[in-house]
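Read through the structure below, which is laid out as structure tokens, and then see the notes.
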Amino acid sequence: MISKSKVLSCSLFLFCILSKLDLVESRTTRNETDIQALLAFKARIPVDPDGVLTSWNDSQHFCSWQGVTCGRRHQRVTALNLSSLKLAGELSPHIANLTFLRVIDLRNNNFRGLIPQEVTRLHRLEELALTNNSIGGEIPRNLSRCSNLKVLDLEGNALGGKLHAELGSLSRLQSILLSANNFIREHLFSPSTFHDAELPRRKHS
């Protein structure tokens, strides 16, 4: 006859094994690279009047954070949709660590600073939408490395300098909106390359 102490010991042993299996499973479904990249992105946004990013914490899976979309198969971040949320801050270069990212939509906020050069490492990126912010500097010269880019929406910012001819090599680009910035007109490439291109107009101060 099996004693109660042995039954208890076996039960505790099984509980420990199952707990370890649950821990391993939770770690495999949480991609730490994506989590750290998202938290670094959040850290550069000091103004969040509606508390949109308060859901970005350990209480729930990062794929459930507001504005974050993940792929079903790999549970990797594929889209950041944070438009029109009154956010203010700068774009973190760590966004480039979201290597499965296809969409960045930050339109109608108050982002400042520069477009990080690291964005050019997002080879799956299809849409970069930053309309109506206060982003300055130049468009990253190597943006042509984002060969899957279909939408480049940068109008209504404080961008300037040259529009590099390399942008013309984005063969999948369908829409490019650059008006209301401060680009140098004599360096413009021909917009006839694209289906829905719009010539930049100088942004009046």
*Relative packing of 42-54, 163-175, which averages over residues the other C-beta atoms within 10 Å, highest first*: 163-175, 42-54
*Carbon/sulfur fraction of accessible area - segment 57-151, other protein chains in place, 1.4 Å, %*: 42 percent
_Distance in nm between pseudo-label sites at His61 and Arg76 (7 Å out along the Cβ direction from Cα)_ = 1.7 nm
*Can you list the residues, at least 5 places off or on another chain, whose amide H is less than 5 Å from the amide H of Gly89, using H built in the peptide plane?*
Asn110, Phe111, Arg112
_Modelled label reach - Glu138, point 7 Å along Cα→Cβ, segment 99-131 residues with backbone N closer than 18 Å_ = 113-121
*asked:* I'd like to compare 107-119, 65-77: which one has the highest average count of other Cβ atoms within 10 Å, and what's the full order after that?
replied: 107-119, 65-77
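The values are calculated or read from the model by the stated rules, or taken from the named source; none is laboratory data. Small disclaimer: the values here were computed from a predicted structure and weren't measured. Using ideal geometry, Cβ is built from the backbone for each residue, glycine included, and neighbour counts are taken over all protein chains shown. Keep in mind that these areas ignore ligands, DNA and RNA; they rest on the heavy atoms of the full protein, side chains included. Shrake-Rupley method; radii C 1.70, N 1.55, O 1.52, S 1.80 Å.
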